[in-house]
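Peer 1: Below is one structure. I have some questions about it.
The values are calculated or read from the model by the stated rules, or taken from the named source; none is laboratory data. Please read all numbers here as calculations on a predicted model, not as lab measurements. As a convention, Cβ positions derive from the backbone with ideal geometry for all residues, glycine included, and neighbour counts pool all protein chains shown.
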Ligand SMILES: O=C(O)CCC(=O)C(=O)O
Ligand SMILES: [Fe+2]
């Protein structure tokens, strides 16, 4: 929709497929950290690389390119733009932003255009959170999964976002710049080169995530103050799906002091009074598999045959045998549910999937991860050569190789 020249902006319906929206939701809900403002969570591409999950930047590549081309075409600046920032951003109850333009700080002056992609639905996944332009048409934008809004980052497009009343609102947000010194690609390629040189580059070994420092996962209802109340967002994300983490240590440790340490070390998943015997290398690994299961559950149910599960035991039995099993406690359950429950989860409080699904998800997640990892190793040398992160169909690269 082209609008008046005084307020250059564009709305694109169904620009992203629903499956891509779900895939990005999986990435965000398994990798995000607390954001830059209260009740906001974010996942940047550099964070994915830093946490040993560089392959998870791949689902972003073609969409970044399509959005950049669209912005260049619509705003009439072909071949002039660089992606300045790409990130998944979610807002929970209480988050909002007043009237502003996106270049309204001295350190944001390089931003020329914004693209906000909605990944979930107003009224279904969250309430509140309508986007509003101060002048010009359209005035209000209701977030619908797959839709995108683009606008100039200057004062011609002053906007705000209403407070989130309930649920979690998720977007993929990009800014574009004409200034090549703010090219995100150059920074990402440099991070990738460090990350890949730390690993066995030739071996597409299974890639396991490595958590960032624990304070990046600590949600505090009153950010800025040193208050003790709050929760670890990895525990909270598992909790709203109906799962808890159990750690099996030899020694008795003081829970509050060691929660951080345990979240970094091997653990298992429990649901109600049953324990899944699969050991995950750390909390992020377990959370990635849980969120992957959430994304793929219907597909997993179609393809799995047999579905015999042998590695689930009653918790009471396992704790008797291994007296050192410890539940990692979440703390404020109610707060975690307010912050992370999407509206659609409220209907019934039962877990959305069970052990058979999770069992299948462990293998499907490994296949997904290995496939992306192999793809990254094919694409990366081209990105390094051209100092640009671009999308080419894999068959074309394989032909060249
Ligand atoms: O998420 C949105 O709809 C817009 C967010 C926004 O205005 C911003 O991040 O500057
Ligand atoms: Fe904004």
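Peer 1: Which numbered condition in (1) within 11 Å of ligand 1 (Cβ to nearest atom); (2) out of contact with any strand residue (DSSP E or B) (no Cβ under 7 Å at 6 or more places or on another chain) is the only one that residue 155 fails?
Peer 2: Status for residue 155: all satisfied but (1).
Peer 1: Another question, if that's okay. Give the residues of region 381-400 that are surrounded by 10 or more Cβ atoms within 10 Å (Cβ to Cβ) and free of Cβ contacts under 8 Å to residues at least 60 places away in the same chain, sorted by residue number.
Peer 2: Narrowing region 381-400 to residues surrounded by 10 or more Cβ atoms within 10 Å (Cβ to Cβ): 381-384, 386-392, 394, 397.
Hits for region 381-400 are 381, 382, 386, 392, 394, 397.
Peer 1: Those residues that are within 12 Å of ligand 2 (Cβ to nearest atom) and more than 25 Å from residue 237 (Cβ to Cβ), I need them from region 170-182; list them, please.
Peer 2: Residue satisfying the conditions is 175 alone.
Peer 1: Follow-up question, since we're still on this one. For the structure I just gave you, tell me whether residue 113 is more than 10 Å from ligand 1 (Cβ to nearest atom) and either touching a strand residue (DSSP E or B) at 6+ places or on another chain (Cβ under 8 Å) or at pLDDT 95 or above (or both).
Peer 2: Values: more than 10 Å from ligand 1 (Cβ to nearest atom): yes; either touching a strand residue (DSSP E or B) at 6+ places or on another chain (Cβ under 8 Å) or at pLDDT 95 or above (or both): yes.
For residue 113, the condition - more than 10 Å from ligand 1 (Cβ to nearest atom) and either touching a strand residue (DSSP E or B) at 6+ places or on another chain (Cβ under 8 Å) or at pLDDT 95 or above (or both) - is met.
Rundown of residues vs (1) outside the structural domain of residue 97 (by TED's automatic domain parsing); (2) closer than 30 Å to residue 334 by Cα; (3) out of contact with any helix residue (DSSP H, G or I) (no Cβ under 8 Å at 6 or more places or on another chain); (4) free of Cβ contacts under 8 Å to residues at least 40 places away in the same chain, yes/no style:
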residue: 132; (1), (2), (3), (4): no, no, yes, yes
residue: 138; (1), (2), (3), (4): no, no, yes, no
residue: 141; (1), (2), (3), (4): no, no, yes, no
residue: 148; (1), (2), (3), (4): no, no, no, no
residue: 151; (1), (2), (3), (4): no, no, no, no
residue: 161; (1), (2), (3), (4): no, yes, yes, no
residue: 173; (1), (2), (3), (4): no, yes, yes, no
residue: 185; (1), (2), (3), (4): no, no, no, no
residue: 191; (1), (2), (3), (4): no, no, no, no
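Peer 1: Among the listed residues 220, 283, which satisfies the condition of being modelled with pLDDT of 85 or more and closer than 21 Å to residue 312 by Cβ? Give the derivation first.
Peer 2: Numbers: 220 fails: closer than 21 Å to residue 312 by Cβ.
Unique residue meeting the criteria: 283.
Peer 1: Moving to a separate point now. Considering region 37-71 alone, what residues qualify as being out of contact with any strand residue (DSSP E or B) (no Cβ under 8 Å at 6 or more places or on another chain), in a helix (DSSP H, G or I) and farther than 25 Å from residue 367 by Cβ?
Peer 2: Within region 37-71, 46, 65, 66, 69 qualify.
Peer 1: Test residue 342 against the stated conditions and say whether it is modelled with pLDDT under 80, over 26 Å from residue 260 (Cα atoms), surrounded by 15 or more Cβ atoms within 10 Å (Cβ to Cβ) and not assigned by TED's automatic domain parsing to the domain that holds residue 38.
Peer 2: Numbers: modelled with pLDDT under 80: yes; over 26 Å from residue 260 (Cα atoms): yes; surrounded by 15 or more Cβ atoms within 10 Å (Cβ to Cβ): yes; not assigned by TED's automatic domain parsing to the domain that holds residue 38: yes.
Considered against the rule, which asks whether it is modelled with pLDDT under 80, over 26 Å from residue 260 (Cα atoms), surrounded by 15 or more Cβ atoms within 10 Å (Cβ to Cβ) and not assigned by TED's automatic domain parsing to the domain that holds residue 38, residue 342 comes out as yes.
Peer 1: Residue 153 passes all but one of (1) within 16 Å of residue 91 (Cβ to Cβ); (2) surrounded by 15 or more Cβ atoms within 10 Å (Cβ to Cβ); which number fails?
Peer 2: Going through the list (1) within 16 Å of residue 91 (Cβ to Cβ); (2) surrounded by 15 or more Cβ atoms within 10 Å (Cβ to Cβ), residue 153 breaks only (1).
Peer 1: If you take the residues of region 77-88 that are in a strand (DSSP E or B) and more than 16 Å from ligand 2 (Cβ to nearest atom), which of them is surrounded by the fewest Cβ atoms within 10 Å (Cβ to Cβ)?
Peer 2: The first filter runs over region 77-88 and keeps only residues in a strand (DSSP E or B), leaving 82-88.
Narrowing further to those that are more than 16 Å from ligand 2 (Cβ to nearest atom): 82-83.
Values: 82: 20, 83: 24.
The qualifying residue surrounded by the fewest Cβ atoms within 10 Å (Cβ to Cβ) is 82.
Peer 1: Name the residues in region 89-110 that are away from ligand 1 (no atom under 11 Å from the Cβ) and either within 24 Å of residue 24 (Cβ to Cβ) or surrounded by 22 or more Cβ atoms within 10 Å (Cβ to Cβ) (or both), would you?
Peer 2: Within region 89-110, 92, 93, 94 qualify.
Peer 1: Right, something else. Quick one: which strands (runs of 3 or more DSSP E) lie wholly within region 100-169 and hold at least 1 residues that are within 15 Å of ligand 2 (Cβ to nearest atom)? Working first, answer last.
Peer 2: Numbers: elements: 113-118, 126-128, 131-133, 148-152, 159-161.
Filter on region 100-169 gives 113-118, 131-133, 148-152, 159-161.
Peer 1: Would you confirm, using the coordinates I've provided, whether residue 64 is within 15 Å of ligand 1 (Cβ to nearest atom) and under 17 Å from the mean Cα position of the chain (by Cα)?
Peer 2: Details: within 15 Å of ligand 1 (Cβ to nearest atom): no; under 17 Å from the mean Cα position of the chain (by Cα): yes.
Taking the combined requirement at face value, the residue does not satisfy it.
Peer 1: For the structure I just gave you, tell me whether residue 189 is within 16 Å of ligand 2 (Cβ to nearest atom) and modelled with pLDDT of 95 or more.
Peer 2: Values: within 16 Å of ligand 2 (Cβ to nearest atom): no; modelled with pLDDT of 95 or more: yes.
For residue 189, the condition - within 16 Å of ligand 2 (Cβ to nearest atom) and modelled with pLDDT of 95 or more - is not met.
Peer 1: Anything in region 67-88 that is more than 12 Å from ligand 1 (Cβ to nearest atom) and within 21 Å of residue 21 (Cα to Cα)? List them, or say none. Please lay out each step first, then the result.
Peer 2: Filtering region 67-88 down to residues more than 12 Å from ligand 1 (Cβ to nearest atom) leaves 67-84, 86.
Correct list: 67, 68, 69, 70, 71, 83, 86.
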